[in-house]
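Engineer: So that we are looking at the same thing, I have put the structure below in structure tokens.
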Amino acid sequence: MRILLADDHLLLIEMIATYLGQDDSVTVDKAATLPAALQLLATGKFYDLVVLDYQMPGMNGLSGMKQVMAAENAKHVAVMSGQIPATEAREAFRLGAVGVIAKSVSANYFVQTLKYLAMGGKHMPEEFVGVDEPQNPFFEQLSRRETEILREIATGKTNKNIAYELGIRETTVKQFVTLINKKLNVQNRTQAALLARDYGLV
């Protein structure tokens, strides 16, 4: 798996690259500007995922993303940002981006999401989802909190990680997982996570 991280915040991409580098199956290349990212793509290397900072030099909104998506050796493209308008996030999705990642999430969550996107998954932060957009009826029976926890499960987090991220007890998470499995008529969290991915919840 090869990932290209493009962001002018060098400390951030170094940290992410270090986390990703703990997995021997992942190779990471880095760029500080859009032209630098395009130059790496021009070498012919194949990337499972290219992650672009929305406010990076040369991006000009989503026009930079379109340039990268035009490259045949960029299989999946995602946008990361500390601040991106919800309309722009949804437009990125409409144009074909597989994910929009907020920089405010934990490093572990960020890395797991990148791996998921590189494998063809999709991710949109809940705060960017328009209230007028149709909800997947398959998950209508779940409460807002159950849906939130199911998303976390689908990204590979443990109950302990979820409890820490949401500020609740691990036993509470376990109770929610049991309820989720029952409502979705599945036997375990793995099956629930697969359903979440198959039906586009993440």
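The values are calculated or read from the model by the stated rules, or taken from the named source; none is laboratory data. Since the model is a prediction, treat every value here as computed from it, not as a measurement. Neighbour counts run over all protein chains shown; Cβ positions are idealised from the backbone, glycine included. Ligands, DNA and RNA are stripped out before the accessible areas are found, and what is left, the full protein with its side chains, is counted by its heavy atoms. Shrake-Rupley method; radii C 1.70, N 1.55, O 1.52, S 1.80 Å.
Engineer: Assuming residue 59 fulfils every condition listed in (1) closer than 23 Å to residue 122 by Cβ; (2) in contact with a strand residue (DSSP E or B) (Cβ under 9 Å, 6 or more places away or on another chain); (3) assigned to a loop (DSSP other than H, G, I, E, B); (4) open to solvent by 20 Å² or more (accessible area, probe 1.4 Å) apart from one, which condition is it?
Structural biologist: All conditions pass for residue 59, except number (4).
Engineer: Only one of these conditions is not met by residue 69: (1) modelled with pLDDT of 90 or more; (2) of a type in the set (A, V, I, L, M, F, W, C); (3) open to solvent by less than 20 Å² (accessible area, probe 1.4 Å). Which number is it?
Structural biologist: Just one mismatch for residue 69, condition (3).
Engineer: Scan the range 10-44 for residues that are of a type in the set (Gly, Ala, Ser) and either open to solvent by 50 Å² or more (accessible area, probe 1.4 Å) or under 23 Å from residue 57 (Cβ atoms) (or both) and jot them down. Give the steps one after another, and end with the answer.
Structural biologist: Going through the range 10-44, the residues of a type in the set (Gly, Ala, Ser) turn out to be 17, 21, 25, 31-32, 36-37, 42, 44.
Correct list: 17, 25, 31, 32, 36, 37, 42, 44.
Engineer: What pairs come up if the first residue lies in the range 166-195 and is over 18 Å from residue 144 (Cβ atoms) and aliphatic (A, V, I, L, M), the second is at pLDDT 90 or above and surrounded by 16 or more Cβ atoms within 10 Å (Cβ to Cβ), and their beta carbons are under 6 Å apart, counting only those six or more places apart or on different chains?
Structural biologist: 193/153; 193/154
Engineer: I would also like to ask the following. Going residue by residue through the range 96-103, is there one that turns out to be in contact (Cβ under 8 Å) with a residue 60 or more places away in the chain and either in contact with a helix residue (DSSP H, G or I) (Cβ under 8 Å, 6 or more places away or on another chain) or of a type in the set (S, T, N, Q) (or both)? Explain how you work it out, then say what you get.
Structural biologist: Step one: list which residues in the range 96-103 are in contact (Cβ under 8 Å) with a residue 60 or more places away in the chain, which gives 103.
Adding the requirement that they be either in contact with a helix residue (DSSP H, G or I) (Cβ under 8 Å, 6 or more places away or on another chain) or of a type in the set (S, T, N, Q) (or both) leaves 103.
The answer is yes, given that some residue of the range 96-103 is in contact (Cβ under 8 Å) with a residue 60 or more places away in the chain and either in contact with a helix residue (DSSP H, G or I) (Cβ under 8 Å, 6 or more places away or on another chain) or of a type in the set (S, T, N, Q) (or both).
Engineer: Name the pairs: first residue in the range 20-48 and in contact (Cβ under 8 Å) with a residue 12 or more places away in the chain, second residue assigned to a loop (DSSP other than H, G, I, E, B) and open to solvent by 80 Å² or more (accessible area, probe 1.4 Å), Cβ to Cβ under 7 Å, at least 6 apart or on different chains?
Structural biologist: Listed pairs, sorted by first residue: 47/75; 48/75.
Engineer: Could you go through the range 149-169 and let me know if any residue there is open to solvent by less than 40 Å² (accessible area, probe 1.4 Å), at pLDDT 85 or above and not in a helix (DSSP H, G or I). Full working, then the answer.
Structural biologist: Within the range 149-169, the first condition is being open to solvent by less than 40 Å² (accessible area, probe 1.4 Å), and the residues that meet it are 149-150, 152-155, 157, 159, 162-163, 166.
This time we only want the ones that are at pLDDT 85 or above, so: 149-150, 152-155, 157, 159, 162-163.
Next cut, not in a helix (DSSP H, G or I) only: 155, 157.
Yes.
Engineer: Does residue 82 count as among the small types (Gly, Ala, Ser) and surrounded by 16 or more Cβ atoms within 10 Å (Cβ to Cβ)? Walk me through how you get there before you give the answer.
Structural biologist: Values: among the small types (Gly, Ala, Ser): yes; surrounded by 16 or more Cβ atoms within 10 Å (Cβ to Cβ): no.
So residue 82 does not fit the description; no.
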